[in-house]
Amino acid sequence: MTEGQAHYFRTPRAPTGSRTIHVTLAGQDVEVETAGGVFSGDRLDLGTRVLLREVPEPPATGDLLDLGCGWGPLALTLGLLSPEATVWAVDVNDHALGLTAANATRLTLGRVRVVRPDDVPDDVRFAAIWSNPPIRVGKAELHAMLLRWLPRLTDDGAAHLVVQRNLGADSLHAWLQENLDGTVTRAGSAKGYRVLRVTR
């Protein structure tokens, strides 16, 4: 595991360089807490920005999932756009979970549930899944994660994943189409990233 991959694993190290940054989420200028030791701990990363530009408005109600939440930009956006929905922010990194929980509290988003993967009840189905998935964990772990969560979409739900083209977006598209009982399309492409849409 390299230093740059540490954020993909549970409690890899103590967070460093805790800071407050200003970002725009759901059209609002907000202040959030970030830190080293989590993905893109100093900014809103480019892939997430591309995803947020390309995804449609999330459902107003139901269960929504931010898979691999980091410090929370997708979960917070879902919470701001759909305050009546239940937003599940899932990560294996304890530091990421702490930051997302703190940021949800800071933005008074009372329906954001910040949990480890095994803490999501098995019967929950998602009307929307948004993710900037951890490509660098390796194909086996990435595929296992996607096969665990994407089949939990509701019948009319949709998942949107952002993947860098140079890190295998097109091969992942083909793999998803082959291994999921659903439809995979390219919802958008910008700045070297693909946004993949998965429906049942």
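The table below lists the values:
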{"item": "Taking SER82, SER189, SER171 and counting other C-beta atoms within 10 Å, the order from fewest to most", "result": "SER171, SER189, SER82"}
{"item": "Burial ordering of THR105, THR77, fewest other beta-carbon atoms within 10 Å first", "result": "THR105, THR77"}
{"item": "The range 28-112: GluC sites (Glu not before Pro) in DSSP coil with no more than 10 other Cβ atoms inside 10 Å", "result": "GLU84"}
{"item": "Placed amide H near PHE126: partners under 5 Å, 5+ positions off or other chain", "result": "LEU153, THR154"}
{"item": "Rounded to whole Hz, the Karplus (6.51, -1.76, 1.60) HN-Hα couplings of the range 25-38, x for glycine and proline", "result": "10, 6, x, 10, 7, 10, 10, 10, 9, 10, 6, x, x, 10"}
{"item": "Computed magnitude of the charge dipole of the range 3-199 (debye, nearest 20; Cβ of K, R +1, Cβ of D, E -1)", "result": "520"}
{"item": "Mean separation of Cα contacts under 8 Å (6+ apart) over length of the chain, as relative contact order %", "result": "18"}
{"item": "FRET efficiency estimate (nearest 0.05) - Cβ-Cβ, ASN179 to ASP29, R0 30 angstrom", "result": "0.15"}
{"item": "Hypothetical label at ASP155: residues of the range 106-142 whose amide nitrogen lies under 20 Å (7 Å Cα-Cβ projection)", "result": "123-129"}
{"item": "Fewest-first ranking of TRP149, TRP130, using other Cβ atoms within 10 Å as the exposure measure", "result": "TRP149, TRP130"}
{"item": "Neighbourhood charge, 12 Å Cβ-Cβ cut-off, centred on LEU161 and excluding it, Lys, Arg +1 and Asp, Glu -1", "result": "+1"}
{"item": "Two-site FRET efficiency, ILE21 against VAL115, from Cβ-Cβ distance with R₀ of 25 Å, rounded to 0.05", "result": "0.55"}
{"item": "Dimensions (Å) - the chain, Cα atoms, principal axes, largest first", "result": "42, 40, 33"}
{"item": "Under 16 Å from the ALA190 label point (7 Å along Cα→beta-carbon), backbone N, the range 33-64", "result": "44-58"}
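Each value in this text was obtained by applying a stated rule to the coordinates, not by laboratory testing. Keep in mind it's a predicted model, so treat the numbers as computed, not measured. Here the Cβ is made from the backbone with ideal geometry for all residues, glycine too, and neighbour counts use every protein chain on show.
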